[in-house]
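S.K.: The structure under discussion is supplied below as structure tokens; questions concerning it will follow.
The values are calculated or read from the model by the stated rules, or taken from the named source; none is laboratory data. All values derive from a computational prediction rather than experimental measurement. Here the Cβ positions follow ideal geometry from the backbone for every residue, glycine too, while neighbour counts run over all protein chains shown.
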Amino acid sequence: MSTSFSLKYETNASSCPRQVPVVPMCLEYPDEAGEPKGYGSGPTPSTSATTAVTQSSGKKRGQHGRHKVHSKVHAIHKIGPHGEPLEPTSVIDVFSNQCAAIVKEHVPITYPDWRKIPADLKGAVWGEVKRRFEYPEDQFDEDVCRCHALFIAGKALRNLRSHLNKHYVKEGKTPYKDYNFIKRHVWEEFVEKMSTEESKSKIQHFFELAKRNALPHHLGMTGYAAKRKKWREEEREAAAAGQENPFEGINERGRDFFHARRPKKLKEGRTKYNEPQIEEAEKALLAANVAKERGMFEPSRQHDILGNPEHRGRVRGVSSRHSWKKVDSWQSDATSYHTRQRYKEGLIKKGRDEAVKEIVMGTIQEAFTSTDPNMVEPRRQMLLQAGVVPPQGQAAV
């Protein structure tokens, strides 16, 4: 079935009597008659309530409402190595929000594992993403772009399930007013599944894992890519205003790591970060940079100044999906990349140290237990000097 759409145009016909060419602004899809909005809905709001919401000019701060699927097509100009939109930067947030809105319409919340969701549902999500976003043909790799879109959609569905469980299931509330795409029987099934001992145990397990993240970021679902341009602008503005740069001499990856941990709202009594351990990590970074400039510190990926080793499959300050094999985007850190050769050298050094330790301990043990006459007298003299044994003719105390 073919898809229909309309074009919005901008003209100067009101100010100019002669005909002027029209310029397309964006593509807009009409709402198809009878098209289902999601996999269900709760109690239908009244006509007056719907009219009131429609006529409202805006919402208060913090009450932005739920994301909805846009009617227009967004153009992507540049794609990253993992299929993620990079340019224009304004489309990064939109892409994340739209993936979240689309997955809520097509995938029921009762699926506990994204990997077990049927292929046809994932295909429907990807098809809608392609319909709402125009990829550049010269960069488009469908497998890669599809993988990224579904990755974002899966994360959004997981976040929604977690939010519903925390703020509705545990509090004994229903979500129909806030999430009217959820049917009553779907919600009842969701509550039943989240109330099992197996589910509670799994949730507690992941809760304990999350507590291990001592330096949490405040990036949201868009990651570093959507924020870098803003951070660079802030740095330039601060430099132009003559403000002191606390991260002077720190490479971009290090700066971005701490920019990402600045909260939108500070807790009472906090000055820069909400977590005191992040302030300590920042001090360690600055101290390590001074030591590096003096030749007293050599960066190492596995044992860096943050106090815990880097994850093998992700790069802090760059992306949770960026491989350590691709160090071209931060050449200043290339020397700290833990290559296979360095790993082998580390094992050799560790083995050598353990061997030397074993030899020394064996020699000491032999010196204290040997019955060789050449060892007995030197051992007695050593113990005599240490006061462990008394001189001949004196009783031991």
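S.K.: Only residues that are in contact with an Asp or Glu (Cβ under 6 Å, 6 or more places away or on another chain), more than 13 Å from residue 130 (Cβ to Cβ) and not small (Gly, Ala, Ser): list them for the range 70-93, please.
M.R.: Result: 72, 77, 78.
S.K.: Of the conditions (1) more than 20 Å from the chain's Cα centre (by Cα); (2) within 20 Å of residue 159 (Cβ to Cβ); (3) outside the structural domain of residue 87 (by TED's automatic domain parsing), residue 233 fails just one. Which one is it?
M.R.: (2)
S.K.: Scan the range 207-233 for residues that are surrounded by 12 or more Cβ atoms within 10 Å (Cβ to Cβ) and in a helix (DSSP H, G or I) and jot them down.
M.R.: Passing the criteria: 228, 229, 231, 232.
S.K.: Check whether at least one residue in the range 95-115 is in contact with a Ser or Thr (Cβ under 6 Å, 6 or more places away or on another chain) and at pLDDT 90 or above, and report yes or no.
M.R.: Scanning the range 95-115, I find at least one residue that is in contact with a Ser or Thr (Cβ under 6 Å, 6 or more places away or on another chain) and at pLDDT 90 or above, so the answer is yes.
S.K.: Restricting to the range 278-290, name every residue that is modelled with pLDDT of 85 or more and surrounded by fewer than 13 Cβ atoms within 10 Å (Cβ to Cβ).
M.R.: 283
S.K.: Would you confirm, using the coordinates I've provided, whether residue 155 is modelled with pLDDT under 95 and surrounded by 19 or more Cβ atoms within 10 Å (Cβ to Cβ)?
M.R.: The answer is no for residue 155.
S.K.: Hey, among the residues in the range 192-206 that are outside any loop (DSSP other than H, G, I, E, B) and over 28 Å from the mean Cα position of the chain (by Cα), which one's nearest to residue 166 (Cα to Cα)?
M.R.: It comes out as 192.
S.K.: From the list 146, 161, 115, 131, which one is farther than 24 Å from residue 68 by Cα and either assigned to a helix (DSSP H, G or I) or not assigned by TED's automatic domain parsing to the domain that holds residue 74 (or both)? Give the derivation first.
M.R.: On the way: 146 fails: farther than 24 Å from residue 68 by Cα; 161 fails: farther than 24 Å from residue 68 by Cα; 131 fails: farther than 24 Å from residue 68 by Cα.
The conditions single out 115.
S.K.: Looking at the range 235-253, I want the residues that are on the phi > 0 side of the Ramachandran plot and have a partner that is assigned to a helix (DSSP H, G or I) with Cβ atoms under 8 Å, at least 6 apart or on another chain. Which pairs are those?
M.R.: Listed by first residue and then by second, the contacts come to 249/289; 249/293.
S.K.: Within the range 133-140, identify whether any single residue is hydrophobic (A, V, I, L, M, F, W, C), surrounded by 15 or more Cβ atoms within 10 Å (Cβ to Cβ) and at pLDDT 95 or above, and answer yes or no.
M.R.: yes
S.K.: Out of 258, 181, I need the residue that is within 30 Å of residue 76 (Cα to Cα), surrounded by 11 or more Cβ atoms within 10 Å (Cβ to Cβ) and in the same structural domain as residue 82 (by TED's automatic domain parsing). Which one? Walk me through how you get there before you give the answer.
M.R.: Values: 258 fails: in the same structural domain as residue 82 (by TED's automatic domain parsing).
So the residue among 258, 181 that is within 30 Å of residue 76 (Cα to Cα), surrounded by 11 or more Cβ atoms within 10 Å (Cβ to Cβ) and in the same structural domain as residue 82 (by TED's automatic domain parsing) is 181.
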